[in-house]
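Have a look at the structure below before the remarks.
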Amino acid sequence: MKTSQKIATLLVTAVIAVVFLLGNAVNAQAKAKPWPVPDKDKAMKSPSKADVAVGKEMWAKHCKSCHGSKGLGDGPKAASLKTFPGDFSSAEFQAFTDGELFYRTDKGRDEMPGYEKKIPGVSDRWALVAFMRTFKK
Ligand code: HEC
């Protein structure tokens, strides 16, 4: 092989390596850490029958952009997040108590906004919990 060919081969290899590394860095979204909920909050239940239709409306307005229409963590904003928002259809997620989902929705953490003030109606936030149950596979 001529020197010029060797250099060309090296350059091509280097470019491929850089593209590969950058691609990986972009996709390196962290899996969420465990999110502890105090026992008394874990046991919370909706004070009245939650309205799934209201939950669906709230979801479209406030949550879908990150969590996706089916809660798979694939909303249009998801790719730009450092933390994967989670797969809400999973058995792992569905095993959380209603109280845990309510608490995390209320308080938020890091990139997950807290909705206690943004969605002031308590029944609207419980409706969201009921709607998140519809993602179960
Ligand atoms: C800006 C993007 C964004 C929006 C909007 C958003 N979330 Fe999140 N959500 C996240 C991220 C990221 C996480 C993971 C956070 C973590 O674990 O640190 C998360 C986590 C959660 C969790 C906990 C999941 C688990 O496995 O414990 C619940 C419940 C939740 N979101 C519900 C909602 C609801 C309900 C809404 C709308 C009212 C909403 N989210 C809006 C980004 C978002």
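With helices defined as uninterrupted DSSP H runs, which ones in the chain have an alpha carbon span along their own long axis of at least 18 Å and mean Kyte-Doolittle hydropathy of at least 0.0? Write down the numbers at each step before the final one.
Details: long enough: 3-27 (36 Å, 1.50).
Helix filter hits for the chain: 3-27.
Please work out the FRET efficiency for the pair LYS137 and ASP41, using the Cβ-Cβ distance as r and a Förster radius of 30 Å; give the result to the nearest 0.05.
It comes to 0.70.
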> Gain in length, LYS117 to THR97, computed as 0.36 nm per residue apart minus the alpha-carbon separation, to one decimal in nm?
Replying inline: 5.0 nm
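Relative contact order of the chain: what whole-number percent is it, with Cα pairs under 8 angstrom and at least 6 residues apart?
Details: 152 pairs, mean separation 39.8, N = 137.
Computed value for the chain: 29 percent relative contact order.
Give the relative contact order (percent, whole number) for segment 59-104; include only Cα pairs under 8 Å separated by 6+ residues.
On the way: 43 pairs, mean separation 11.6, N = 46.
Reported relative contact order: 25 percent.
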> Taking a threshold of 30 Å on the Cα-Cα distance, which of the pairs LYS49/LYS117; LYS40/LYS77; LYS49/LYS82 fall above it?
Replying inline: LYS40/LYS77; LYS49/LYS82
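Consider all pairwise Cα distances in the chain and report the whole-number % of them above 21 Å. The partial results should precede the final answer.
Numbers: 4652 of 9316 pairs.
Value for the chain: 50 percent of Cα pairs lie more than 21 Å apart.
With a Förster radius of 22 Å, plug the Cβ-Cβ distance of GLU57 and LYS77 into 1/(1 + (r/R0)^6) and report the FRET value to the nearest 0.05.
Details: r = 19 Å, r/R0 = 0.86.
With a Förster radius of 22 Å, E is 0.70.
Rule-based calculations on the coordinates, nothing more; no lab input. Predicted, not measured: the structure shown is a model, and the values here were computed from it. Reconstructed Cβ throughout: ideal geometry from the backbone, glycine too, with neighbour counts over all protein chains shown.
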